[in-house]
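Structure first, then comments.
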Amino acid sequence: MRIAAVAVAALVTVGPFAPPAVPAQTVRGQLVDSISRSPLYGAFLTLIDHQGVERARAITDQAGRYVLIAPTTGVYRVRSKRIGFRPYLSAPLTLRAGESLTFNAAIDPIPIALEQVVVAGERQCDIEAGASVAALWEEVREALAAVAWSARSPGYWYDITNFQRELTPGGRRQGEDSTWTETSYQPVPFRSVPAESLEIEGFVVVEEAGWTYHGPDADVLLSEPFLRTHCFETRIGRGETQGLVGLAFSPARGRKLPDVAGTLWVDRQTAELRHLDFHFTNLPQRVVEPRAGGHIEFMRLPTGAWIVREWRLLMPLAAIRRAPNIAEPMPEVVALRESGARADQIKTSTGTVVYRSAYAESRLVAAGAAPSARRRFGRTRRRARRGAGGREPGGCCSQTEESYRKLK
């Protein structure tokens with residue numbers, strides 16, 4: 001294994017990575033492929049202190065450059081991980097007050113070996129105990145950490161289309177869909193509550209106003225409470241997931257609160273995270289609805305950042321019904337509610353389009369790609385078309401529904 005690195009200390013720097021107005025300790029530099037010497041974009045870096053605690057994060061840009069800002073002076077290490085390359089941990093770097101340290105590294109590529117190491121059916125409640133589960137988790141964890149980091153970094157301008165629809169118990173649409181669009185300098189609105197709260201209260205919480213469904217976001221999936229309360233299993237994709245390998249998770253034995261089970265699907269050749277399918281387990285008050293759950297699609301932008309491209313959540317609305325010859329009333333699903341959103345266009349702060357959905361492309365084609373149409377498409381706006389209920393709900397990943405109603 002060849003990993004070359006060079007560190008240079010400088011008290012004053014110039015150029016695109018000039019230090020902020022308030023002096024801070026920074027580590028900046030470039031990662032390259034050790035064989036081709038080409039920039040290594042999309043690598044996820046963390047700054048680790050002397051106790052092994054993560055203190056800063058960054059993702060390399062298209063030129064392989066990065067900046068890590070240390071909160072205090074001290075001794076740190078730079079850790080990097082990118083799919084298809086060896087994990088890297090630098091030698092200790094000492095940062096003094098206001099100092100900027102340049103650290104460059106050349107990292108060896110390695111072949112993607114998931115198809116050799118993943119054995120379907122291997123199940124572990126300690127995610128790092130089994131070789132197959134641990135190998136797959138290593139790739140999934142990198143992408144999830146990058147998604148979580150990108151969600152905290154307002155570096156992109158999003159055009160987002162949201163929707164909500166009502167469905168019959170059989171899954172047919174009823175009434176008009178509620179749709180609305182948002183354009184803002186923020187990530188796709190997909191956030192859950194803290195993992196510690198989910199561990200204590202569960203993923204479906206019964207309140208006076210209704211039931212609140214919580215889907216797992218990247219921070220939850222990476223958290224210690226989630227890893228502690230779930231078991232993991234490797235799967236080989238078939239049918240619609242052909243060519244993918246899955247890291248499936250389910251509640252650990254003895255977990256009685258409402259929870260989630262699902263599969264994180266990874267491309268078998270490139271080891272890139274594709275999507276998450278999940279369903280709710282142990283719904284409150286004995287409600288049974290196997291379709292209750294969600295779908296989340298992930299994507300890596302050309303800049304290297306990872307985002308949630310699309311999500312949807314399906315929630316049952318139940319009622320108490322008395323069946324003939326049964327003394328105790330039983331819950332029955334009387335309707336379904338589906339909510340979701342998709343990113344239609346994503347631009348950098350300089351206006352460069354890094355992603356455009358097929359829907360957005362069709363709009364441009366229909367408009368003849370006229371300059372006026374382009375201006376309208378990029379304008380900040382919030383436009384809503386409400387359905388019969390007149391509601392405009394919030395974004396994922398927590399949805400409150402009037403899910404349990406007593407009918408006379």
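Exactly one residue among Leu47, Leu89, Leu101, Leu93 is within 20 Å of Leu144 (Cα to Cα) and touching a Leu at 6+ places or on another chain (Cβ under 7 Å), and that residue is Leu47.
If you go through the stretch 41-64 and keep only what is under 18 Å from Pro109 (Cα atoms) and either over 22 Å from the mean Cα position of the chain (by Cα) or among the polar types (S, T, N, Q) (or both), you end up with Thr60, Gln62, Ala63, Gly64. Which numbered condition trips up Ala209, out of (1) crowded, with 19+ Cβ neighbours inside 10 Å; (2) of a type in the set (Gly, Ala, Ser); (3) touching a strand residue (DSSP E or B) at 6+ places or on another chain (Cβ under 8 Å)? In the conditions (1) crowded, with 19+ Cβ neighbours inside 10 Å; (2) of a type in the set (Gly, Ala, Ser); (3) touching a strand residue (DSSP E or B) at 6+ places or on another chain (Cβ under 8 Å), Ala209 misses (1) alone.
What residue, of Phe103, Phe85, is modelled with pLDDT of 90 or more and out of contact with any Lys or Arg (no Cβ under 6 Å at 6 or more places or on another chain)?
Result of the check over Phe103, Phe85: Phe103.
Just one residue in the set Ile320, Ile296 is assigned to a strand (DSSP E or B) and surrounded by fewer than 17 Cβ atoms within 10 Å (Cβ to Cβ); that residue is Ile320.
How many residues does the stretch 215-224 contain that are in contact with a strand residue (DSSP E or B) (Cβ under 9 Å, 6 or more places away or on another chain) and within 18 Å of Ala252 (Cβ to Cβ)? Give the derivation first.
Narrowing the stretch 215-224 to residues in contact with a strand residue (DSSP E or B) (Cβ under 9 Å, 6 or more places away or on another chain): 215-218, 220-221.
Okay, now just the ones that are also within 18 Å of Ala252 (Cβ to Cβ), so 216, 220-221.
Residues that pass the stated criteria total 3.
The set of residues in the stretch 57-80 that are surrounded by fewer than 21 Cβ atoms within 10 Å (Cβ to Cβ) and not in a loop (DSSP other than H, G, I, E, B) comprises Arg57, Arg65, Val67, Ile69, Ala70, Gly74, Val75, Arg77, Arg79. Quick one: is Glu196 of a type in the set (D, E, K, R), in a helix (DSSP H, G or I) and buried (at least 20 other Cβ atoms within 10 Å of the Cβ)? Criteria not met by Glu196. Glu310 falls short of the stated requirement of being buried (at least 18 other Cβ atoms within 10 Å of the Cβ), assigned to a loop (DSSP other than H, G, I, E, B), charged (D, E, K, R) and modelled with pLDDT of 85 or more. Here Leu31 meets the list (1) assigned to a loop (DSSP other than H, G, I, E, B); (2) within 16 Å of Ala305 (Cα to Cα); (3) more than 23 Å from the chain's Cα centre (by Cα) almost entirely, failing just condition (1). Note on the stretch 124-157: residues that are assigned to a strand (DSSP E or B) and either modelled with pLDDT of 75 or more or in contact with a Ser or Thr (Cβ under 7 Å, 6 or more places away or on another chain) (or both) total 2.
Condition check ((1) in a strand (DSSP E or B); (2) under 21 Å from Ala145 (Cα atoms); (3) of a type in the set (Lys, Arg)) across all residues:
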{"residue": "Trp265", "(1), (2), (3)": "yes, yes, no"}
{"residue": "Asp277", "(1), (2), (3)": "yes, yes, no"}
{"residue": "Val288", "(1), (2), (3)": "no, no, no"}
{"residue": "Thr303", "(1), (2), (3)": "no, yes, no"}
{"residue": "Pro316", "(1), (2), (3)": "yes, no, no"}
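When the residues of the stretch 199-211 are narrowed to those that are touching a helix residue (DSSP H, G or I) at 6+ places or on another chain (Cβ under 9 Å) and in a strand (DSSP E or B), which ends up farthest from Arg312 (Cα to Cα)? By that ranking, first place goes to Val206.
The values are calculated or read from the model by the stated rules, or taken from the named source; none is laboratory data. Quantities reported herein were computed from a predicted structural model and do not represent experimental measurements. Because the Cβ atoms are built from the backbone with ideal geometry, glycine has one as well, and the counts that use them run over all protein chains shown.
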